[in-house]
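Heads up, the thing below is written out as structure tokens.
The values are calculated or read from the model by the stated rules, or taken from the named source; none is laboratory data. Since we're looking at a predicted model, the values are computed, not measured. Cβ placement follows ideal geometry from the backbone for every residue including glycine, while neighbour counts extend to all protein chains displayed. These area figures cover heavy atoms from the full protein model, side chains too; ligands, DNA and RNA do not enter into them. Shrake-Rupley method; radii C 1.70, N 1.55, O 1.52, S 1.80 Å.
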Amino acid sequence: MQLIVANYKMNGDKQFYLSAASKLNNLRVKGAKLVLCPPFCYLADFKLKTAKLGCQDISADAEGKSTGQISAKMLKDFGVEYSIVGHSERRAMGEGEGLVARKVKMATDNKIIPIVCVGENEKSEKQSLIKTQVKTALSLANKSAEIVFAYEPVWAIGTGDTPTVKHIDSAIKIVKNECAKNGFSCKVLYGGSVNEKNFSEFLSSSADGFLLGGVSLKLDKFIEIVKGVKK
Ligand code: PEP
């Protein structure tokens, strides 16, 4: 069963989420498990019977002096079961490995499954950076926790430039090996410029599913991918 995660980022409006909810609620999802991650303010409009609810970030703190942040407990009140953690767009705003590790711990301690984004910045960069990202992300979490990783080479996000299946497979191997070394067994998704034209090529990789950005906003194309994932 492939895991398909939609990251809507800071896009859409109430009308978009209401109409997406009604379209996606009629979808027959067979080969995939869907996780939809709208902006926080639309979580309440996005409760679907065909999908799990996710969010795009989670506070590392339990409560208190964290102006503007949303705690794990608050997210649970909205029925959130997954949270993206350490997306490269957040890392670019200064979110470091230590903070990512605290967010992973906060999520898993509250039974929210983190989807941790890792990946090299430049095409020419060595994939060994991923090892450190995975190791640190797992460092505070309980070994029994369910954690998902998303291999997202930063150079592929929103650019239309995608890695080869061989490149994806070697990164996924690094992530899975590092998880095993640290006592975890994690699913690993691929994310970065996946669309309705290229997704079938990536289905032949060892990825356990996809993290989709831009194409999530194009509902018909998104549905085409969900329907086409039968692995
Ligand atoms: C992302 O931002 O996580 C992502 C995968 O974006 P896109 O699909 O648009 O490259």
Next item on the list: Please work out the Cα convex hull volume for the stretch 2-230 and give it in Å³ per residue.
Entry: 113 Å³
Check: Under a plain spin-label model, where a point goes 7 Å from the Cα along Cα-to-Cβ, how far apart in nm are Lys14 and Ser144?
Finding: 4.3 nm
Checklist line | DSSP-loop trypsin sites (Lys or Arg not before Pro) across the stretch 1-70, with at most 10 other Cβ within 10 angstrom | finding: Arg28, Lys30, Lys49, Lys65
Check: Roughly to the nearest percent, how much of the accessible area of the chain is carbon and sulfur, given a 1.4 Å probe?
Finding: 51 percent
Next item on the list: Can you work out the accessible area per residue across the stretch 2-230, with the rest of the protein chains kept in place, probe 1.4 Å, in square angstrom?
Entry: 47 Å²
Notebook entry, point to check: How high is the FRET efficiency between Lys23 and Asp109 when r is their beta carbon distance and R₀ equals 22 Å, given to the nearest 0.05?
Noted result: 0.05
Next item on the list: Sticking with the crude label model, points 7 Å out along Cα→Cβ, report the distance from Ser204 to Glu224 in nm, one decimal please.
Entry: 2.0 nm
Check: What's the FRET efficiency of Ser170 with Leu217 using the Cβ-Cβ distance as r and R₀ = 25 Å, to the nearest 0.05?
Finding: 0.25
Check: For the charge dipole of the stretch 111-173, defined by +1 on Lys and Arg C-beta atoms and -1 on Asp and Glu C-beta atoms about the Cα centroid, which residue among Ile112, Ile168, Asn142 has the Cα displaced farthest towards the positive pole?
Finding: Asn142
Next item on the list: Arrange the residues Met10, Met74, Met93 by how much accessible surface each exposes, largest first, with a 1.4 angstrom probe.
Entry: Met10, Met93, Met74
Check: When the chain is fully extended, how far beyond the present Cα-Cα distance does Leu129 get from Lys73, taking 0.36 nm per residue of separation?
Finding: 17.0 nm
Next item on the list: Output the antiparallel fraction of DSSP beta bridges having both residues in the chain, as a percent to the nearest 5.
Entry: 0 percent
Note to self: Take Asp61 and Ala180, extend 7 Å from each Cα along the Cα→Cβ direction, and tell me the distance between the two endpoints in nm.
What the structure shows: 4.0 nm
Checklist line | Links that overshoot a 20 Å alpha carbon limit, given the list Lys76/Lys218; Lys173/Lys230; Lys30/Lys166; Lys30/Lys173; Lys52/Lys73; Lys105/Lys143 | finding: Lys76/Lys218; Lys173/Lys230; Lys30/Lys166; Lys30/Lys173
Item checked: the stretch 103-191: trypsin sites (Lys or Arg not before Pro) falling in loop per DSSP and having at most 14 other Cβ within 10 Å -> Lys111, Lys123, Lys126, Lys143
Checklist line | Estimated [θ] at 222 nm from DSSP helical runs (n ≥ 4, -39500 (n - 2.57)) normalised by residues in the chain, nearest 500 | finding: -9500 deg cm²/dmol
